[in-house]
Every structure is written in C-alpha cells, then in structure tokens.
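J.: Following this message is one structure expressed as structure tokens.
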Amino acid sequence: MAEAGSAVAGRPPRRPRRRLATAAIAAGVAAALCLLQLLPAWSLVEARLYDVVSTVAPARPAAPGAIIVAIDEPSFAELGLQWPWPREVHARLVAALRAAGAKVIGLDVIFAEASNQASDGALAAAMGPDVVLAAEETVVETPQAVQTILVEPFAALTAAGASAGIASVALDGDGTLRRMPPYPDGFAARLLAAAGAPVPATPPGTLMQFFGPPRSYPTVSYYQALEPEKFLPPGTFAGKTVIVGFGLQHAAEVGGIGTDSFETPFTPLSGQLTAGAEIQATMLDNLAGRLFVRPLPWWTTTAAIIVVALLAAFLVRRDATWRTMIAAGLGVLAIVAGSWALLRFGRVWAPPALPALALAFVTAGRGALDFAEERRLRRSIARAFGHYLAPELVERLAADPASLKLGGERRTLSVLFCDVRGFTTLAERLKDEPERLTALVNRLLDPLSEAVLAERGTIDKFIGDCVMAFWNAPLDEPRHAERAVAAGLAMLEAIAALNVVLAAEMGAAAPAIAVGIGINTGDCVVGNMGSRRRFDYTALGDAVNLASRLEGLSKRCRVPILIGETTAAAIADEFVTLELDRVAVKGRGTTTAVFTVLGPAAMRPEAAPLVAAHGRFLAAYRARRWHEAEVEAASAAAMAPGLAGYYAAAAGWIADHRASPLGEGWAGEYVAVEK
C-alpha cells in the first residue's frame, strides 16, 4: 500500500515519453494553426477581432479634425427642395462657410455632369483652392476583363481652382469598412493637402482607427450652415476643415437602405451605420495624426504561434495542474492585452487569436494527456488497492486519487489483528523450499483477507503472517464491532476448512495451522500516515495497540479469539461472550477485561449453564479460593470442550499463585510483561 500511495502522492516521474508527447502536441498545434491562418475565412475572424480590440479605449486625436455639415432630414424640410438640389444652393453654402472662417471645405458630393449654365456657373464661381470635391472610382469585373471607371467632377469646377479626391472606400468580405483607401489622391488626403499639412503614405492593407459610433464628430445641419450667424454660435467654422455630405438619420440602421453609409467596427456596439462624410473625417484624422494601424505580415503571426507553442510546452512540461491552467489563462489574457497595447500605442495590429489558441490548445492537449494518465492511474489504483481495501474505498480512491495525501481524522474503529500460530516453526521446516512457503502463505492469507472484505472491512497491512484490519473508516459503518467479530469468526472457519484441504493434499506432512485473533474498539486516528513519498492508509492509537496485545494474549488464554471490553459491550446483543481475565498490558497503567466469543446470540440459552459456572470460577479465582476455582473450572470445561485449553491454562495460573503468594492488592488481574 505504501508504494502505491507514494506513486500517487509524488510528482509523476519525468519520463521522456511524456516530454515527447508534450512536444508532439506543441508541434501539432503550431502546424495546424499556421495552416489555419492561410484560410480566407480566418481573415474575417481576425477582422472581427480587430473590431473588438480597436474599439477598447481607442487612440483619439487631440481635437476632431473636421466638422460635418449633414445633408439631413431637417435640411430637406427647411429648404423644401428635392434632391439633387440646385447647384447655386451649394455655391451659397461654400460662400457662407468661407465667410465663417472655414479653412478647407470638402464637398462629399459628386458633381459629375453639368446641369444648367446658371447653376453650374454659380457653383464654379464659388470654387477655389480651399475646396475639395469628391470623385469616385468603380471597379467592374467581367469574365473577360476588369474595368476601372473613374467618375470626376465636371471640368469647369476643377478649372476654377477646386481639387478632386477619390471618396470611394473598400469594404472587407463581411461588408465592414476597416481599411484606409488605397488611393494616394483620396478625398481625405486632398483635404489634408489643401490645409497645407503633409500627407503620409499608407501602404495597401493599412487599417483605419475609428474613434466612436456615428455622430462622434461635431455635426450641424446643412440649412444651419447656410446661415451660421443665425443658427450657430460664432466661430463654429473658424479655422476648421468642413466636410459636407449625407447624414440621413433614416438610413442609419444596419440593413437599411441608405445613401453613403457604412458598417464600421463600432456598428455591433451601436447598431448604426456611419455616414460617408464622417468616414472621410475619420480618414482625415488618421492621416493627420498618423493614427492608422499597420498590420503585421503573416510570417510574424507564424513566428508568434511557434514561440507561444514552445513556451506552453515548457509551462506544462511536468504536468497540467490547476496552477498551469491558471497560468495559461493569464497568458491568454496577456497576449490579448499585449495585442491591444501594441495597437493602442504602437499603431501596429498583431492578431492575438492564433497565438492565444496555441497557448490554450497546447495546455488543453497536455491536460487531456494528463486526464488519460489520470484514468490509467485510477485503473491502477483499483487494481493495486482492490487486494487490500474494501470495494467502497477502492471506488473512492479511484474517483479521487488526490485523497491519497498525508493527514488523518479521529474516529471510533474496531481493529482486528490475526496472527498465524507456529509460523516461525513452519518457516524453518520449509527454509529450503521458499516457493512452497510463499504458496502456503498466500493460500493462508487469501481466505483471511476475504473474511475481512466480506464484512466491509479495510485491510490495513500484512505484517509477515499477520493481518491488520479495521472497520468504520474511511466509510461509516455503524455496526463496525459486530462486523469485526463476524470477520474474526469467519477467519477461524476459513482456517479450519484450509486445514482439511491441506490434509487431503499433503497427508501426514500437512501442517496444522492455527491463528490467534485480537479485536478491540476505541478512538483512533485514521488516515494516510508517513512521509510525503511513502505512506500507508492506517490507524494509530491506544485502541490499536490494545488490539495487537489482545492477539498476543490469546496465546496465554489458549483461545483463538480475544476481544476487548468495549467490543464485548458493543456486540452484547448479537453474540454470546465470556470474560476470561483482567489484564494490564505493557505500556498501559490500567487494567481491562478481556473476552472470548462463544457464538451468536441464538445460542444464549444453550450457553447459560456454562456462563454461570464460568462466573463462579472467576469469582473464586479473584477471591483466591483456589480449590473452589479448580472445581468450577473443571465443571465449566466439561460443558465447553472448546475452552479446555483455557481452563487448563487457568489451572496453571492457580498453581503458580499457590507457589508464589500474591500481594494484598491483587484483584485477579494479569500484568503482562511482554508485548
């Protein structure tokens, strides 16, 4: 038992096989995740993850870089016009904004064709280098070719001094806008250039940093901007870049049919689309503040996957415990937090999903390996302990191997010791035939063990030819004393049956095997006792020591079974017992009565004459009436041939007392000088 417990309690040995298995898990996970990132569907997963990470405390410009003039429902109501509005209205707006101090005016409206000479002339007259007009690039794909169509403002407007920038955007496969447009002459870039600021280059695939849901930028209605002195505070447009575009509220719902509105990373949070004019303002601030985000190339993710998988393998190189699981969870959080910090402060997007999955999968894989090992360990526990413990305990240990740890609890137990009489002599006879001796010992201990297990006892240990067992631990057994005594009687029957079998097999050479049994009931400490690396599930305490002494005292009393006073009281309703002596065992300062078991309670009427005669014997013996004691002993022996050895021993005690008179304080007890 100690060796089995040690294997459970100690750390699993560092076998190369386990290390190779962990390395194989790490390699397999890394390879699978590296291939996963090449799948087109995975790019959308990482794009959605970018939406989440980029919207957590995003970097923002010190102040909004533009103010939006929205072509919205209130403006349609106030102007009373249908779209497209006359171009002289736009000319009035440009003039009003310029007069209000606007630095740059961007019209996110495409004036592709001439309308009428008066309107076009009025709009052209309002143009200047501070005005940027929207252009549009459309890609038409056919089976034969890919055609790019560029729609620009009609020539009179650009000839009047206005510049044009492409306002088109490129959506990802899920319809969400995340990337800066791949146009060096984009609308936002033209606005920045018109303001006299440098325009940074944005490589293809550069991600846009969004700053909030719709209407995150200061917005006024078109009709208000036509008369700012009437509707707006002074200085609203002074020194500002103004972007004019659609901002219809009825088109702001996701899935709605709208004009120039787009899904952004904030759409899942707000449930609304963002107007194109605000998109252009966002691009402007991305360029002006260099807030755009550069995604790392694919090979950096591959390298991160491999490194994290190796680190995870190192983390769980011994085993996957709750500590390593917590460490892995913290590691996943650290990867995500690191990705956010790199995006927030370094303006670099390092997708955290695959490295985090590498850490999680390697840890989980090792956890699964350890779970399989745990299952194997449970089976081995069941095999190892099934020979020693009651089935209920085996099930408990198999379900919870961690319970095999140092510690104990105080419980009332019934403890049994069973020793083979004359084993030393038998071993001497078979010293040249160790195989026969081993086989005989096994044949002897097997029925003794079965007797314990049949009564739901726990076999503590085998000490050579001695068996120690106890009841009422680890599982509760209210009738533990009765079961211990029943097991002791079953042992005697089993030994008698074995002697018959051996006699039939070996004839006159067969040994006559006998056993002595001691049983006691009392408080003990029971649990796993020993060192961290080697321990037994055992019981300790005075009650255990007394049970061991009772087994030895059964030799003096010449009875096969001897039980303690507490045990005799506990089984009084189920068995007939007989007090044999009072003893003071070595190491104990008090005396205790010892009993033998005559049989089940059903034989109480039959045993009554014997019990009466025996009582008279004890009374005479303890009163030092030696002759009377001898007479009563002879009478009792005639009624109980099975106790003839005891009464013969009692006759010897009387003879010794006659030869060596006792002191005045003697009250019939025997003081043991040996264990």
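J.: What distance in nm separates the simple spin-label points at Ala372 and Ser115, each placed 7 Å from Cα in the Cβ direction?
T.: 7.4 nm
J.: I'd like the FRET efficiency for Ala337 and Ala238, computed as 1/(1 + (r/R0)^6) with the beta carbon distance as r and R0 of 35 Å, rounded to 0.05.
T.: E(calc), rounded to 0.05, equals 0.25.
J.: A follow-up question, please. Kirkwood Rh over Cα pairs of the stretch 252-357 into Stokes-Einstein at 10 °C, 1.306 mPa s: D in µm²/s?
T.: 95 µm²/s
J.: In bins 10 Å wide, starting from 0, what share of all Cα pairs of the stretch 62-290 does each bin hold, as a percent?
T.: For the stretch 62-290, the binned pair fractions read 8, 33, 38, 18, 2, 0 percent.
J.: At what distance in nm do the modelled label points of Ala644 and Trp299 sit from each other, each positioned 7 Å from its Cα along Cα→Cβ?
T.: 10.1 nm
J.: Now for a separate question. Could you calculate the contour length gain from Ala601 to Glu227, that is, 0.36 nm times the residue separation minus the distance between their Cα atoms, to one decimal place in nm?
T.: 123.2 nm
J.: While we're on this one: Just to be sure I follow: if Rg is taken over the C-alpha atoms of the stretch 404-541 and Rh is the Kirkwood radius over the same atoms, what is Rg/Rh?
T.: Reported Rg/Rh, Kirkwood definition of Rh: 1.03.
J.: I need the calculated FRET efficiency for the pair Ser531 and Arg19, taking r as the beta carbon distance and R₀ as 25 Å, to the nearest 0.05.
T.: 0.40
J.: Using only Cα atoms, find the angle between the long axis of helix 480-506 and the longest principal axis of the chain, and express it within 0 to 90 degrees, rounded to the nearest 10.
T.: Approximately 70 degrees, to the nearest ten.
J.: Something else about it: Provide the three semi-axes, in whole Å and in decreasing order, of the ellipsoid equivalent to the stretch 199-330 as defined by the square roots of 5 times the Cα gyration tensor eigenvalues.
T.: Result for the stretch 199-330: semi-axes of 46, 18, 14 Å.
J.: For the residue pair Arg624 and Leu44, what label-to-label distance in nm results when each label sits 7 Å from Cα along the Cα-to-beta-carbon direction?
T.: So the two model labels end up 10.7 nm from each other.
J.: Let's test the formula: R0 of 25 Å, r as the Cβ-Cβ distance of Thr590 and Lys555. What FRET efficiency results, to the nearest 0.05?
T.: 0.70
J.: Separate question: Averaged over all directions, how much area does the convex hull of the C-alpha atoms of the chain cover when projected, in nm²?
T.: So the mean shadow area of the Cα hull is 52.4 nm².
J.: Of all DSSP beta bridges located in the stretch 62-290, what percent are antiparallel, nearest 5?
T.: 30 percent
J.: Rounding to the nearest 10 and keeping the result within 0 to 90°, find how far the Cα-based axis of helix 117-126 lies from the longest principal axis of the chain.
T.: 70 degrees
J.: For the chain, what is the calculated [θ] at 222 nm in deg cm²/dmol (nearest 500), taking -39500 (n - 2.57) for each run of four or more DSSP H residues and dividing by its residue count?
T.: -15500 deg cm²/dmol, from helical runs alone.
J.: How much length is gained if the chain between Ala504 and Ala439 is pulled fully straight, taking 0.36 nm per residue apart and subtracting their Cα-Cα distance, in nm to one decimal?
T.: Going from the current span to full extension adds 21.7 nm.
J.: Separate question: Please arrange Ile517, Ile495 by how many other C-beta atoms lie within 10 Å of their C-beta, fewest to most.
T.: Taking fewest neighbouring Cβ atoms as first place, the list is Ile495, Ile517.
J.: Follow-up. Can you sort Met603, Met529, Met468 from fewest to most other Cβ atoms within 10 Å of each residue's own Cβ?
T.: Met603, Met529, Met468
Readers should treat all values here as calculations from the given coordinates under stated rules, not as data from a laboratory. Since the structure is predicted, the reported quantities are computational estimates derived from the model, not experimental observations. Don't worry about glycine lacking a Cβ; one is built from the backbone with ideal geometry, like all the others, and counts go over all protein chains shown.
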